[in-house]
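Here's the structure we're looking at; comments come further down.
The values are calculated or read from the model by the stated rules, or taken from the named source; none is laboratory data. Every value quoted in this text rests on a predicted model; they were computed, and no experiment measured them. Cβ placement follows ideal geometry from the backbone for every residue including glycine, while neighbour counts extend to all protein chains displayed. Note: accessible area is taken over every heavy atom of the protein model, side chains too, but ligands, DNA and RNA are not part of it. Shrake-Rupley method; radii C 1.70, N 1.55, O 1.52, S 1.80 Å.
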Amino acid sequence: MKIETRMFIYLVIVFAMITAHFYSNQWTLNTVNLFQQRQYTAHHKFVALVDIKTSVHKYMKEMGDVLYTDEAEKIKERFAIEVPMEQYRKAVYSGNLIPDNNQTDPDSKEVEIINEIQAILIIMERKLARIQEYNRAGNQYESEKLFTELSKTIFKNEFINLINRAIEDKRAEAEELKQRYAQVINKAYRFTVLTSLLASLLILTSTWLFLQDLRSSFKKVSSGVKTLIEGRFDQNITESGNNEFSNLAHDLNLLAKTIRTKIGDLNLINEEHLSAKEESEASRQAMSEFLANMSHEVRTPMNGIIGLTDLLLKMDIKEEKQLLYTQMVKDSADRLFRIINDILDFSKINARRLDLEVCNFSLRETISSALAPLNEQAKAKDLTITQHLDEQIPDNLIGDPLRLTQVLINLVNNAVKFTKHGGVEIFVEEANRVGKSRILHFEVRDTGIGVPVEIREKIFKAFTQAEPSFSRNYGGSGLGLAISSELTRLMGGRVWIESNPLPNHQGSSFHFTVRLEALADEFPTPTKRFSKTMPEPSFPKEIHILLADDEPINRILVNEILTAKGWLLTEVENGEQALETMQEKHFDLVLMDIEMPYLDGCEVTRRYRAIEAGDQHLPIIAITAHAIEGFDQKCLAAGMDGYISKPFDEEELLRLIITTLKQGHGKESTLERG
């Protein structure tokens, strides 16, 4: 049942109760008024009869007093006025003395009394008229006789008795009506109270039932809404009846069903997205592993190409063409090596595996070391590279100098590459300071060809160059700026460009910022890490080195480098041979490849360290084509003392060997013995 219908029924019940109560009270009042009117009428009749009796006595007495006088006319006038015959008749037949307004005639008993009184009054009137005639005729005797008879008739016979009976009847009737009136009043009071209580009870009961029905329906809907709020969309609300609450419950059930459907769709979409994400991550991981493996596989032959080419260039080549071709091979190998490094860095950035190193370093030394090889390239093109470093910037900083150098070299290398005349300027200043952190602003400004406005943002995306013709004219993989953008982001900064249009040929201005921390000390305390920057070596003699490498080209290259210094070299091809040889013979140092058959270099090192005497320490340097971030720490954790990645040049390898031997591991170092 709908709420409007329930409200209508409830209001009808309340209206019926109020109407019934009103009419019951009205009936009670009418009944009380009726009995009150009857009591008043009976009392009025009683008073009228008493007045008739008193009037008759009064006038009979007056008549007796003047019976023997000559005042007949006076008696006649007084008798006509004072005898209440007409008053009595009116009292009996008057409408306001009738008990019920709907009744027009008195009952038979009253009519009989009225008729008797009228008959006696007529007789009395006639006799009085005759008495008056006798008086006027002077017949005193007849007048007295007739008066005596009249008095006897009135006072001793029917009239007085009739009046007395009527008076007694009216007195009894008035008394009875008084008692009945009191009873009616009492009953009317009880009836009014009872009907009021009954009406109130019915109204309260109807209200309670109506509210209970509403409360029950609302409770069901509220419980259903609570289940929806709690996310239990599989539970339906009970749909009972045909009202607004059942319609609302039905709508809520449809809503829950829709939500269940949507949640199912979302779960399916999420599963698809999760599956796609996992596939993407797996694909990205596979791509990163593939690129890393390819980098490893490419670095091994690149090591042979670059190393052997360096050896050729150091030979006395008299044929000019042979020297030219050899130098071209070296330049091509260096370019290929830079591309391989860019691809490896990009793969690590794409796989989110590129972590920054945190160590103390000298800002000015780092910048000078980075620009040293680029100065040679600039001189070859008759360009100048100048640097302007704000003297207020502290030299001792904490950060990743290798990645800072990589970004700076990328930008300066591009500036040199795309500039034909003029030069390159490098500006370094402090942009902001937050606590101990310093925001350094680098600017690389050149006088080259510039970059159009419409492609300035495009060049920071991977595999993108300003114009397709640039790749043909200037070379490059298109990864350098993308890698620089990610590296500056990781170092808490950003990179951007300011450039003039191509027709003006006024060059470009590349900017980047990095966040570094300043040290309170005057000089930085270097963190222990494998560095490619070594001091100039002083070469000892009579050094016995073990080389463990499964690649013949690498063994030939290392053999040529070391034997040229007069050092003794023993070669093995796999890890098992290396471990066995290290146990059988004494060596001053071991060059250990990582990827070898049977046992890899890290496992060989761990096993040897486990059986090595406590007072002896054999220096072991990792020599591998892996250039993945953190791989040097893996080698250090395995017990190695140094790390160098392929391809390497002769000076880099020799510096690392001398530095490792000078660390003085064991009781007596080889350098001290020599």
> Restricting the first residue to region 377-388 and requiring it to be modelled with pLDDT of 90 or more, which pairs with a second residue that is aromatic (Phe, Trp, Tyr) and open to solvent by less than 60 Å² (accessible area, probe 1.4 Å) meet a Cβ separation below 6 Å and a spacing of at least six or different chains?
Replying inline: His388/Phe427
> Looking only at region 561-572, which residues are at pLDDT 90 or above and among the charged types (D, E, K, R)?
Replying inline: Glu571
>> Step by step: first the residues of region 396-424, then only those that are part of a loop (DSSP other than H, G, I, E, B) and touching a residue at least 40 places away in the same chain (Cβ under 8 Å), then the one that is farthest from Asp345 (Cα to Cα). Which residue is that?
In response: Gly422
>> When you check Ala378 against the structure, is it more than 14 Å from Gln406 (Cα to Cα), outside any loop (DSSP other than H, G, I, E, B) and touching a Ser or Thr at 6+ places or on another chain (Cβ under 8 Å), yes or no?
In response: yes
>> Would you confirm whether or not region 519-526 contains a residue that is modelled with pLDDT of 65 or more and surrounded by 14 or more Cβ atoms within 10 Å (Cβ to Cβ)?
In response: yes
> What tally of residues in region 590-618 results from selecting those that are open to solvent by less than 10 Å² (accessible area, probe 1.4 Å) and in contact with a helix residue (DSSP H, G or I) (Cβ under 6 Å, 6 or more places away or on another chain)?
Replying inline: 6
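Conditions (1) under 13 Å from Phe512 (Cβ atoms); (2) among the acidic types (Asp, Glu); (3) open to solvent by 40 Å² or more (accessible area, probe 1.4 Å), marked per residue:
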site: Pro394; (1), (2), (3): no, no, no
site: Gln406; (1), (2), (3): yes, no, no
site: Leu411; (1), (2), (3): yes, no, no
site: Val416; (1), (2), (3): no, no, no
site: Val424; (1), (2), (3): no, no, no
site: Ala431; (1), (2), (3): yes, no, yes
site: Ser437; (1), (2), (3): no, no, no
site: Glu443; (1), (2), (3): yes, yes, no
>> Looking at Tyr643 and the list (1) open to solvent by less than 20 Å² (accessible area, probe 1.4 Å); (2) within 25 Å of Met294 (Cα to Cα); (3) not in a helix (DSSP H, G or I), which single condition is not satisfied?
In response: (1)
>> Restricting to region 168-197, count the residues that are open to solvent by 60 Å² or more (accessible area, probe 1.4 Å), within 22 Å of Gln26 (Cβ to Cβ) and touching a residue at least 12 places away in the same chain (Cβ under 8 Å).
In response: 3
>> For the condition within 30 Å of Ile120 (Cα to Cα), without any contact (Cβ under 8 Å) to a residue 60 or more places away in the chain and among the basic types (Lys, Arg), what is the one hit in Arg165, Arg232?
In response: Arg165
> In region 156-175, what residues are more than 15 Å from Leu49 (Cα to Cα) and at pLDDT below 75?
Replying inline: Lys156, Asn157
> Which pairs do you get when a residue that is at pLDDT below 80, found in region 204-217, comes within reach of a residue that is acidic (Asp, Glu), reach meaning Cβ atoms under 9 angstrom, with the pair 6+ apart or on two chains?
Replying inline: Ser217/Glu244
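Given region 539-638, what helices (runs of 4 or more DSSP H) lie entirely inside it while holding 1 or more residues that are within 23 Å of Pro301 (Cα to Cα), in contact (Cβ under 8 Å) with a residue 40 or more places away in the chain and within 60 Å of the chain's Cα centre (by Cα)? Can you show your working first?
Values: elements: 552-563, 575-584, 601-611, 631-638.
Qualifying helices (runs of 4 or more DSSP H): 601-611, 631-638.
Residues are listed down the side, and each one gets a yes or a no for (1) modelled with pLDDT of 70 or more; (2) at negative phi; (3) not hydroxyl-bearing (Ser, Thr, Tyr):
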site: Gly450; (1), (2), (3): yes, no, yes
site: Glu486; (1), (2), (3): yes, yes, yes
site: Met491; (1), (2), (3): yes, yes, yes
site: Leu502; (1), (2), (3): no, yes, yes
> Can you tell me how many residues in region 381-435 are under 47 Å from the mean Cα position of the chain (by Cα) and among the small types (Gly, Ala, Ser)?
Replying inline: 3
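Evaluate the following for Lys348: is it crowded, with 18+ Cβ neighbours inside 10 Å, farther than 15 Å from Asp649 by Cβ and at pLDDT below 80? Walk me through how you get there before you give the answer.
Details: crowded, with 18+ Cβ neighbours inside 10 Å: yes; farther than 15 Å from Asp649 by Cβ: yes; at pLDDT below 80: yes.
Yes, satisfied.
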>> Quick check on my filter: what residues within region 300-346 are outside any helix (DSSP H, G or I) and not β-branched (Val, Ile, Thr)?
In response: Met315, Asp316, Lys318, Glu319
>> Which numbered condition in (1) without any contact (Cβ under 8 Å) to a residue 40 or more places away in the chain; (2) open to solvent by less than 40 Å² (accessible area, probe 1.4 Å); (3) of a type outside the set (Ser, Thr, Tyr) is the only one that Leu371 fails?
In response: (1)
> For region 570-582, does any single residue satisfy the condition of being of a type in the set (S, T, N, Q) and in contact with a helix residue (DSSP H, G or I) (Cβ under 8 Å, 6 or more places away or on another chain)?
Replying inline: yes
